[in-house]
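Visitor: My structure is below; once you've seen it, I'll send some questions.
The numbers here are math on the coordinates, done by the rules we state, and not lab data. As the structure is a computational prediction, the values presented were derived from the model and not from experiment. So basically every Cβ, Gly included, is an ideal-geometry build from the backbone, and we count neighbours across all protein chains shown.
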Amino acid sequence: MTRLVALLFGLLLISGCAATSGIEATGKTTWNEEGARELSKRVVINNGSLARDIEVADVTSSQVGDLMRAQVMLRSRDSGTLQFQYKFDWYDIQGVEVVDNAPWQPVILYGKEAKTIHGLGPNPRAREFKLKLKGTDE
C-alpha cells in the first residue's frame, strides 16, 4: 500500500502545479457489490516544494458511530523541522460540501518523523474528506 501511495504521489508531482497551493489528500467512502465499505484515495500535489518535504504515506477512514473519521499519515522527508498547517474539508455522498468552519491547524514534523493527522466529520452526511496542507507562510 505504501508503494502505491508513493507511486501515486510521484506521478502527481510530475504532472505539475495547479492554481492552489499545498497538498491535498482525499478519501471517499463507497460500497462494493457485496455491500462492504471501501475508501477510494487520491493525492494532489499543488506545491512541489512542500511535496519534496512531506510524504502522504497513508490515507484511511473508519466510522465512529454515524460519523466518518479520517486518518492521514504524513512523513517528513527532511532532516530539519517542518512547520505547516492542515485543514479537513468534508463532502456528502453527492460531493456537496458539508460546512464545518474549522480553522487551519498548525503541525510540526521533526526530522524524518511520521505523524498521523485525524479528523472527524461534522455530521453523518459527511462521506468524503479532503485534507489540505499548506506552508505557514501561505
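Visitor: So who's got an amide H within less than 5 Å of the one on residue 78, skipping anything under 5 residues away but keeping other chains? H placed 1.01 Å off N, in plane.
Guide: HN-HN under 5 Å from residue 78: 112.
Visitor: Do you know the relative contact order of region 46-138, to the nearest whole percent, from alpha carbon pairs under 8 angstrom that are 6+ apart? Write out the running numbers ahead of the final one.
Guide: Details: 195 pairs, mean separation 31.8, N = 93.
Relative contact order comes out at 34 percent.
Visitor: If R₀ is 41 angstrom, what is the calculated FRET efficiency for the pair residue 78 and residue 99, using the beta carbon separation as r and rounding to 0.05?
Guide: For residue 78 and residue 99, the calculated efficiency is 0.75.
Visitor: Follow-up question, since we're still on this one. With +1 on each Lys and Arg Cβ and -1 on each Asp and Glu Cβ, and nothing else charged, work out how big the dipole of region 17-67 is about its Cα centre, in Debye to the nearest 20.
Guide: On the way: 5 positive and 8 negative charges, 39 e Å.
Dipole size: approximately 180 debye.
Visitor: May I ask you to work out the translational diffusion coefficient for region 84-134 at 10 °C, viscosity 1.306 mPa s, via Stokes-Einstein with Rh from the Kirkwood sum over Cα pairs, reported in whole µm²/s?
Guide: Taking Rh from Cα pairs, D becomes 132 µm²/s.
Visitor: If each of residue 67 and residue 52 carries a label point 7 Å out from its Cα toward its Cβ, how far apart are those two points in nm?
Guide: Result for the modelled spin labels: 3.9 nm.
Visitor: Run through all the Cα pairs of region 2-135 and give the fraction in each 10 Å bin from 0, expressed as whole percent.
Guide: For region 2-135, the pair-distance distribution reads 12, 43, 34, 10, 1.
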